[in-house]
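The values are calculated or read from the model by the stated rules, or taken from the named source; none is laboratory data. Bear in mind the structure is a predicted one, so any value in this text is a computation, not a measurement. Please note: Cβ atoms are built from the backbone with ideal geometry, for glycine as well, and neighbour counts cover all protein chains shown. What goes into the accessible areas is simple: the full protein's heavy atoms, side chains included, and nothing from ligands, DNA or RNA. Shrake-Rupley method; radii C 1.70, N 1.55, O 1.52, S 1.80 Å.
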Amino acid sequence: MGTREDLLEAAKQCLADRGYARTTVRDIVAASGTNLAAINYHFGTRDKLLQQAMLEASAAAVTQILDSLPPTDPADPTARLKAFWRNLLDSFAQNPPLWRANAQCLTQALHSPELRAELAAAQQQARRGLADSFGDGDDTVGAILQTMIGGLLLQWLIDPVNTPTPTDLTAGARALLA
């Protein structure tokens, strides 16, 4: 790997270990074996490096979830959705540091117009991917799923034991439509 990639990998690890707000440039430099000048050269600031690391880590996690889904079953069209919720909750449980850092990144966006713009672009891309995966390209499907994912993440971070199950979520969506 090159210096840029080393910095990104180190930033991802620091986000997982320390969280967004508590990760310092010294932490990243120590973890990457590079120097402070490398952060400035490749990313400009710590925040831009952390933003890039967070976007890449989150995108990879969601891509892994979507890639692992079964094809749509005409006999049970909700099976794919239920599998999605199950895989998403499993990802929360298997990689809580990533998802905690993701939530912290969102709060950082409240104070950074640049980060807010980057996250908005990433959300738009995620919405499109969800629409393609579940709604035959219908952006409204992507929008509702993305909204539900955000709410589910916050519920899980606060109270994982009482977070709705994949069955609850799928049944609730079905009940809303009835």
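Numbers below:
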{"read-out": "Sites matching trypsin sites (Lys or Arg not before Pro) across region 1-38 that sit in DSSP coil, with at most 15 neighbouring C-beta atoms within 10 Å", "value": "Arg22"}
{"read-out": "Computed lengthening from Tyr41 to Asp17, 0.36 nm per intervening residue step minus Cα-Cα distance", "value": "6.2 nm"}
{"read-out": "Solvent-accessible heavy-atom area per residue, rounded to whole Å², over region 29-178 at 1.4 Å", "value": "56"}
{"read-out": "Tilt relative to the chain, helix 3-18 - C-alpha long axis, 0 to 90 degrees, to 10", "value": "70"}
{"read-out": "Computed over region 116-178, the ratio Rg/Rh where both radii use C-alpha atoms and Rh is Kirkwood", "value": "1.03"}
{"read-out": "Sorted peptide list for 136-146, 69-79, criterion being average Cβ within 10 angstrom, highest first", "value": "136-146, 69-79"}
{"read-out": "Karplus (6.51, -1.76, 1.60) ³J(HN,Hα), θ = phi - 60°, over region 24-31, in Hz, Gly and Pro reported as x", "value": "9, 5, 4, 4, 5, 4, 5, 6"}
{"read-out": "Table column - 3J(HN,Hα) (Hz), region 71-80, Karplus curve with 6.51, -1.76, 1.60, x for Gly and Pro", "value": "x, 5, 9, x, 6, 9, x, 8, 4, 5"}
{"read-out": "Rounded to the nearest 10 Å², the accessible area of Ser91 at probe 1.4 Å", "value": "20"}
{"read-out": "Apportionment of accessible area to carbon and sulfur, the chain, percent (1.4 Å)", "value": "56"}
{"read-out": "Principal-axis tilt of helix 113-134 within the chain, Cα atoms, nearest 10 degrees", "value": "30"}
{"read-out": "Between region 6-51 and region 75-120, the alpha-carbon center distance in angstrom", "value": "21"}
{"read-out": "Evaluated over the chain, the Cα radius of gyration and Dmax, each in Å", "value": "17.8, 59"}
